[in-house]
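Engineer: Sharing a structure with you now.
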Amino acid sequence: MQDIKMGFNLEEWYAHKLQGDVIFKYTGSISPEMITHALDAVENSPLLTKERLQTRKKVYNVFVECMQNLYHHVDAPPAGLSAGGSPNFGIACLVHDGSFFRVTTGNFILRSKVNFIKDRIEQLNSLSDEEVRMLYRDILGNEALSEKGGGGLGMLDIVRKTGNKLEYFLYPYDGEHIFFSLDVYIS
Amino acid sequence: METIIREDTPKTPYVKLDGEKGVVEIKGRSIPENSVEFYKPLIDWIDEYGDDPKDNTIINIQLEYFNTSSSKCILDIFKKLELLFKKGFKVQVNWYYEEDDEDMFEAGEDYQSIINLPFKMIEMEE
């Protein structure tokens, strides 16, 4: 079975994202327990243990933030998805891709959230390193925790730690859902 | 005041709140999904400690890494200690970071820029 809608093929997307040396891959329900196991697998991967401490910690930190972003923000997937039907459905992988480590996440969101996500990422991508740092301090010092606990810092922290722009795609899937694909590169 | 010790877990740090010595220690990693649930009892303890604090209070933070929801909670701890400092009690923050760990060093700088407390940045060798 394949999940293909409106020209977007989920299996092809996933296969494409797994190009490189795969350190971790997962498709299914995103839960705190799953994140704990994922981190354990990542920390024990021989592909990472040979890296210098700062790179390793950056990868762990960014990976956790990406996974917890998924956990807090995914919407339920379309009904009848062969890849999985859990309400917290998400896809994640960590790949060593050339000179980079790449964390990729994929999840369904409701169409109503598209503009918010797009504007948020475009805004973060438009900032210089110094602006990212200042905005981070501003939000840390002034804004209360959101209900989901992130305080609006998750994506910002990822951009700051990696120093790279977020790469994303929003694939229309059906009348209600968009598939949100996010690539984070760590050098 | 009662001393509280919490052993570390894969997602939460070792914590020691020692009211007799006036020492707070947070060590390890802090990446729980629900940071408020983990930190609220600690913040409540510091709140209560603030009613009858020691002349000198030391907080040692030695984190491998932490997630963004923990970052807000850590700030809340500093804010509680800042109140003591404003009342004239001595408070010292010791922020430990591993050699070459720029992210953790910068995180310490972030807090220094927000909080008015004496901060000592302590580099640890790998």
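The values are calculated or read from the model by the stated rules, or taken from the named source; none is laboratory data. Note that this is a predicted model, so its numbers are computed, not measured. Backbone-built Cβ (ideal geometry, glycine too); neighbour counts: all protein chains shown. Surface areas here come from the heavy atoms of the whole protein model, side chains and all, with no ligands, DNA or RNA. Shrake-Rupley method; radii C 1.70, N 1.55, O 1.52, S 1.80 Å.
Engineer: Roughly how big is chain A's charge dipole about its Cα centre, with Cβ charges of +1 (Lys, Arg) and -1 (Asp, Glu), in debye to the nearest 20?
Structural biologist: Once rounded to the nearest 20, the dipole reads 360 debye.
Engineer: Rg to Rh for the range A:68-115: what is it, with Cα atoms only and Rh by Kirkwood?
Structural biologist: Dividing the radius of gyration by the Kirkwood radius yields 1.06.
Engineer: Give the peptides B:37-46, B:81-90 in descending order of average Cβ contacts within 10 Å, highest first.
Structural biologist: Output ranking for B:37-46, B:81-90: B:37-46, B:81-90.
Engineer: Next question. Short version: what are the Cα gyration tensor semi-axes of chain A, square root of 5 times each eigenvalue, largest first, in whole Å?
Structural biologist: Ellipsoid half-lengths, sorted descending, are 25, 22, 15 Å.
Engineer: Counting each DSSP H run of 4 or more residues in chain B as -39500 (n - 2.57), what helix-only mean residue ellipticity at 222 nm follows after dividing by all residues, to the nearest 500 deg cm²/dmol?
Structural biologist: Dividing the helical sum by the residues of chain B leaves -12500 deg cm²/dmol.
Engineer: Follow-up question, since we're still on this one. Averaged across the residues of B:27-33, what count of C-beta atoms belonging to other chains lies within 10 Å of each residue's C-beta?
Structural biologist: 4
Engineer: Show me you know the interface measure: the accessible area buried between A and B, both chains summed, probe 1.4 Å, in Å² to the nearest 100.
Structural biologist: That pair hides around 2600 Å² of surface in total.
Engineer: A further question on this structure: Take the protein assembly as shown, compute every pairwise Cα distance, and split them into 10 Å bins from 0; I just need the percent in each bin.
Structural biologist: Values per bin, smallest distances first: 6, 26, 33, 22, 11, 4, 1.
Engineer: Can you show me the helix-derived [θ] at 222 nm for chain A, built from DSSP H runs with n ≥ 4 at -39,500 (n - 2.57) apiece and divided by the number of residues, rounded to the nearest 500.
Structural biologist: Value at 222 nm, helices only: -13500 deg cm²/dmol.
Engineer: Also: Roughly how many whole Å is it from the C-alpha centroid of the range A:28-55 to that of the range B:43-114?
Structural biologist: The range A:28-55 and the range B:43-114 have Cα centres spaced 28 Å from each other.
Engineer: Between their Cα atoms, which of B:Lys11/B:Lys40; A:Lys161/B:Lys40; A:Lys113/B:Lys79 are more than 24 Å away from each other?
Structural biologist: A:Lys161/B:Lys40; A:Lys113/B:Lys79
Engineer: If we count every other residue with Cβ under 15 angstrom of A:His37's Cβ, Lys/Arg +1 and Asp/Glu -1, where does the sum land?
Structural biologist: Net of charged neighbours comes to -2.
Engineer: Per residue of B:65-77, count partner chain C-beta atoms within 10 Å of its C-beta, then hand back the mean as an integer.
Structural biologist: Mean shielding by partner chains, rounded to a whole number: 6.
Engineer: Ranked from highest to lowest mean number of other Cβ atoms within 10 Å per residue, what is the order of the peptides A:161-174, A:8-21?
Structural biologist: Listed from highest to lowest mean packing, they are A:161-174, A:8-21.
Engineer: Could you please tell me the mean projected area of the C-alpha convex hull for the range B:4-124, averaged over all directions and given in square nanometres to one decimal?
Structural biologist: 6.7 nm²
Engineer: What's the magnitude of the charge dipole for the range B:4-124 around its Cα centre, counting Lys and Arg as +1 and Asp and Glu as -1 at the beta-carbon? Answer in Debye, nearest 20.
Structural biologist: Computed about the Cα centre, the dipole is about 540 debye.
Engineer: Separate question: Ranked from highest to lowest mean number of other Cβ atoms within 10 Å per residue, what is the order of the peptides A:154-160, A:111-117?
Structural biologist: Descending packing order for the listed peptides: A:154-160, A:111-117.
Engineer: Would you work out which of A:Leu10, A:Tyr136, A:Met67 lies farthest towards the positive end of the dipole of the protein assembly as shown, given +1 charges on the beta-carbon of Lys and Arg and -1 on that of Asp and Glu, about the Cα centre?
Structural biologist: A:Leu10
Engineer: Further question on the same structure: Other chains near A:54-66: what is the mean number of their Cβ atoms within 10 Å of each residue's Cβ?
Structural biologist: Partner-chain Cβ atoms within 10 Å, mean over residues of A:54-66: 4.
Engineer: Applying the Karplus parametrisation 6.51 cos²θ - 1.76 cosθ + 1.60 with θ = phi - 60° to the phi angles of the range B:82-93, what ³J(HN,Hα) value in whole Hz is obtained for each residue in order, glycine and proline being reported as x?
Structural biologist: 5, 4, 4, 4, 5, 7, x, 7, 7, 9, 10, 9
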